[in-house]
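The values are calculated or read from the model by the stated rules, or taken from the named source; none is laboratory data. Everything numeric in this text was worked out from a predicted model, so none of it was measured. When we count neighbours, we look across all protein chains shown, and the Cβ atoms used for this are built from the backbone with ideal geometry, even at glycine.
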Amino acid sequence: MWRVEWPTVTLIALCYGVWLLAGAAIWPHFPALALMFMAIIGALHSSLVHECLHGHPTRNRHLNEALVALPLTLIYPYRRYKATHLAHHHDERLTDPIEDPESYYKARWQHNRMPRWLQAMLQVNNTMLGRMVLGPVLGAVGFLAQEARLLRANASGVRLAWGLHLLGLVPVLGLIWGMGIPVWLYLVAVVWPSLSLISIRTFAEHRWHDAPEGRTIIVERSPLAWLFLNNNLHIVHHQIPSAPWYVLPRLYAERKEHWQALNHGYVYRSYWQMVRAHALRPKEPVVHPVLHQMHTPAAPESDPPVAATGGQAA
């Protein structure tokens with residue numbers, strides 16, 4: 001049976017519509033306001049990309065891809081994000097610095113190889129303010145470096161993913177140019193803040209715990225929940241990734257005690273509670289507390305794929 005989740009389709013249309021309105025109508029008169037709107041919409045688009053790669057809002061994967069094919073945050077190809085993100089959803093491997101492409105932990109041997117300045121930056125990146133400021137840049141640089149290696153090696157599907165991404169970039173960059181917004185300004189004032197907003201959600205989304213279910217967070221309420229498409233209730237999403245964003249609050253409310261027991265009490269009341277606790281204090285160590293503690297890599301380990309969601313929605 002054909003299924004269309006119309007709330008998501010409507011939100012995608014609104015997302016692109018508001019972005020166009022901000023650039024075409026607001027930018028000429030109130031440029032700072034336009035850039036602010038575009039940054040918020042860029043973050044929403046990242047959340048919608050995450051929704052689509054999980055099989056929403058239709059059962060046709062090509063149509064889902066086409067619906068979010070114009071990359072408002074410019075950097076991450078849909079198919080590359082999809083490949084790494086679905087690998088991340090193997091919950092038994094969550095947070096593993098080798099097996100989980102979205103882990104912020106490092107294996108001890110990886111950390112030992114790094115120059116001290118990079119070790120220090122990663123330590124700062126594990127504070128909430130550091131993640132918001134440095135995270136988008138570190139994520140993008142690491143991702144692009146890894147992708148360059150995969151492109152040179154002609155890894156399966158990577159060149160096609162980038163080809164499709166470049167096709168989507170052409171109209172987006174054309175519109176930005178037509179609006180009169182310098183591309184450098186768009187990168188600094190739209191893309192960077194967009195990814196910073198997403199980093200609020202991803203900052204503490206996962207932790208190490210012996211039980212795979214204990215590795216995924218619940219943030220019970222937030223005025224940003226709409227921007228994150230309710231993925232603040234992240235354990236519900238990881239357990240039922242086929243559930244559309246607009247049913248996650250109901251699923252959580254119906255079995256609140258179950259979800260909190262399942263994730264071993266990894267619960268924050270709000271993101272503000274997280275800010276107060278970790279704005280300037282690292283929440284997690286850079287080196288994974290349990291896995292890959294060897295000082296040299298055990299064959300056949302090599303540098304893992306860099307998180308495709310250094311700024312995307314995880």
### Task
Kindly check whether there is at least one residue in the range 36-44 that is surrounded by 16 or more Cβ atoms within 10 Å (Cβ to Cβ) and more than 22 Å from His165 (Cα to Cα).
yes
### Task
Could you list, in sequence order, all residues of the range 202-223 that are out of contact with any Ser or Thr (no Cβ under 8 Å at 6 or more places or on another chain), surrounded by 19 or more Cβ atoms within 10 Å (Cβ to Cβ) and not small (Gly, Ala, Ser)?
Phe203, Thr216, Ile217, Ile218
#### Entry: Elements of type helices (runs of 4 or more DSSP H) contained in the range 80-177, each with 2 or more residues being touching a Phe, Trp or Tyr at 6+ places or on another chain (Cβ under 9 Å)
116-125, 128-133, 135-152
### Task
Would you check if Ala107 is modelled with pLDDT of 95 or more, crowded, with 17+ Cβ neighbours inside 10 Å, over 24 Å from Pro285 (Cβ atoms) and not charged (D, E, K, R)?
no
### Query
Inside the range 119-132, can you point out the residues that are closer than 15 Å to Val191 by Cβ and more than 15 Å from the chain's Cα centre (by Cα)?
none
### Summary
Just one listed residue, out of Asn126, Asn112, is over 20 Å from Thr84 (Cα atoms), among the polar types (S, T, N, Q) and buried (at least 18 other Cβ atoms within 10 Å of the Cβ), and it is Asn126
#### Entry: Every residue from the range 49-73 that is buried (at least 17 other Cβ atoms within 10 Å of the Cβ) and in a helix (DSSP H, G or I)
Val49, His50, Glu51, Cys52, Leu53, Asn64, Glu65, Leu67
### Task
Take the range 256-288 and flag every residue that is part of a loop (DSSP other than H, G, I, E, B), surrounded by 12 or more Cβ atoms within 10 Å (Cβ to Cβ) and not aromatic (Phe, Trp, Tyr).
Asn263, His264, Arg269, Ser270, Ala279, Pro282, Lys283, Glu284, Pro285, Val286, His288
### Query
Can we say Glu102 is crowded, with 18+ Cβ neighbours inside 10 Å, of a type in the set (Asp, Glu), in contact (Cβ under 8 Å) with a residue 24 or more places away in the chain and out of contact with any strand residue (DSSP E or B) (no Cβ under 9 Å at 6 or more places or on another chain)?
no
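This table checks each residue for (1) of a type in the set (A, V, I, L, M, F, W, C); (2) in a loop (DSSP other than H, G, I, E, B); (3) within 14 Å of the chain's Cα centre (by Cα).
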site	(1), (2), (3)
Leu185	yes, no, no
Ala189	yes, no, no
Trp192	yes, no, yes
Ile200	yes, no, yes
Ala204	yes, yes, yes
Asp210	no, yes, no
Gly214	no, no, no
Pro223	no, yes, no
Asn230	no, yes, yes
### Task
Mind telling me which of the residues Ala87, Ala148 ends up being in contact with a Pro (Cβ under 8 Å, 6 or more places away or on another chain) and surrounded by fewer than 16 Cβ atoms within 10 Å (Cβ to Cβ)?
Ala87
### Task
Might you check whether a residue that is charged (D, E, K, R) and under 24 Å from Gly174 (Cβ atoms) occurs anywhere in the range 49-68?
yes
### Query
In the range 16-30, what count of residues is obtained for those that are in contact (Cβ under 8 Å) with a residue 40 or more places away in the chain and in a helix (DSSP H, G or I)?
5
### Hits in the range 210-229 - residues which are of a type in the set (A, V, I, L, M) and under 18 Å from His264 (Cα atoms)
Ala211, Ile217, Ile218, Val219
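Each row is one residue, and each column tells you yes or no for (1) in contact (Cβ under 8 Å) with a residue 24 or more places away in the chain; (2) loosely packed, with under 15 Cβ neighbours inside 10 Å; (3) among the charged types (D, E, K, R).
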| site | (1), (2), (3) |
| --- | --- |
| Ser156 | no, yes, no |
| Leu160 | yes, yes, no |
| His165 | yes, no, no |
| Gly168 | yes, no, no |
| Trp177 | no, yes, no |
| Val183 | no, yes, no |
| Val191 | yes, no, no |
